[in-house]
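Heads up, the thing below is written out as structure tokens.
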Amino acid sequence: MVSSGAAVNLAAGGQFKASVGGAIDIAGSISASGGAIELSTRRFLFEAKTFGGKPVAMKVPTANGAIIAANVYVEGELDVSGRFVNDIGKFGLDASGSAFLNGGSISIATSNDSLADGGGYRDTTGSILLARGSVLDASSGGYISPYGKAKTATSGVMAGKGGRITLTLYNNDSWSSPTNATTEWSISRPQREQ
């Protein structure tokens, strides 16, 4: 959780990764120019504990013992935009340089989850919830050299590329029963046309 008003500022190219059993709430901001932010949840966290060589599902309760939804809430800002640098008149160690102009990557994912319900299973996969006013930014940056010349990719086009934002529900290929982690079955998905 990143509280409202709190900021996690990583160095350019930095990486922030949170993979949890339960929910993630970003009410503040996380930034890493040209870097990567990866948030993923799973309602039941599978740890390295084994029984008979097989993984054991570990429930992730709240303080009152209830099992929470594995949602990802973004109320604040996730920023991996490229750097904008103006080095006019700055030389040697004073210049910032043109590194990390390209936008980075933001990945938010929730895993397949289900709950025994009567004679079958109910889909309890977490959601990705983006609040009104939340920001996911993977835009490109730009660079002006010490001599006042813009760095360009082609004539008249500033250098720097936008990054990638990926939102994924049902992240796993197969479903696991939380009451029996060793039981798996497949759900066929329609193939996308290329």
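The values are calculated or read from the model by the stated rules, or taken from the named source; none is laboratory data. Here the structure is a predicted model, which means the values were calculated and not measured. Positions of Cβ are backbone-derived with ideal geometry, glycine not excepted, and every protein chain shown enters the neighbour counts. Just so you know, the surface numbers come from the protein's heavy atoms only, side chains and all, with ligands and any DNA or RNA stripped out. Shrake-Rupley method; radii C 1.70, N 1.55, O 1.52, S 1.80 Å.
I need a count of the residues in region 1-20 that are assigned to a strand (DSSP E or B), under 15 Å from the mean Cα position of the chain (by Cα) and small (G, A, S).
Residues flagged as assigned to a strand (DSSP E or B), under 15 Å from the mean Cα position of the chain (by Cα) and small (G, A, S) within region 1-20 amount to 2.
Just a yes or no: is a residue in region 20-31 modelled with pLDDT of 95 or more and open to solvent by 20 Å² or more (accessible area, probe 1.4 Å)?
Within region 20-31, one or more residues are modelled with pLDDT of 95 or more and open to solvent by 20 Å² or more (accessible area, probe 1.4 Å).
Determine whether K149 is closer than 29 Å to G89 by Cβ and surrounded by 12 or more Cβ atoms within 10 Å (Cβ to Cβ). Walk me through how you get there before you give the answer.
Numbers: closer than 29 Å to G89 by Cβ: yes; surrounded by 12 or more Cβ atoms within 10 Å (Cβ to Cβ): no.
For K149, the condition - closer than 29 Å to G89 by Cβ and surrounded by 12 or more Cβ atoms within 10 Å (Cβ to Cβ) - is not met.
Report yes if V56 is surrounded by 12 or more Cβ atoms within 10 Å (Cβ to Cβ), at pLDDT below 90 and not in a loop (DSSP other than H, G, I, E, B), otherwise no. Talk me through it step by step, then tell me what you get.
On the way: surrounded by 12 or more Cβ atoms within 10 Å (Cβ to Cβ): yes; at pLDDT below 90: yes; not in a loop (DSSP other than H, G, I, E, B): yes.
Taking the combined requirement at face value, the residue satisfies it.
Within region 77-87, count every residue that is surrounded by 23 or more Cβ atoms within 10 Å (Cβ to Cβ) and part of a loop (DSSP other than H, G, I, E, B).
Adding up the residues that qualify gives 3.
Taking strands (runs of 3 or more DSSP E) that fall entirely within region 88-194, which contain at least 1 residues that are touching a strand residue (DSSP E or B) at 6+ places or on another chain (Cβ under 8 Å), at pLDDT 90 or above and of a type in the set (S, T, Y)? Break it down stepwise before answering.
Values: elements: 105-110, 114-117, 120-123, 128-130, 135-137, 142-144, 152-154, 164-168, 174-177, 180-186.
Filter on region 88-194 gives 105-110, 142-144, 164-168.
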